[in-house]
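Please treat every number below as a calculation from the coordinates, not as lab data. Quantities reported herein were computed from a predicted structural model and do not represent experimental measurements. A quick note on method: Cβ atoms are made from the backbone with ideal geometry, for glycine too, and the neighbour counts reach across all protein chains shown.
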């Protein structure tokens, strides 16, 4: 819930509506990332983090 003077509004200088939309978008990214990582961890050939397909996107 939005609180007046919150960190998001002070640091990003946005309206409460903009802050709530950004938070919603961030939450969706986190959910998607988690689902992708869980799927990769269940792969039979993944024994180390370095074996995960998404790990190679970092380099």
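The table below gives the values:
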{"quantity": "Residue exposure sequence - 46, 29 - by fewest surrounding Cβ within 10 Å", "calculated": "29, 46"}
{"quantity": "Length gained when the stretch residue 35-residue 58 is fully extended (0.36 nm per residue, less Cα-Cα span)", "calculated": "6.5 nm"}
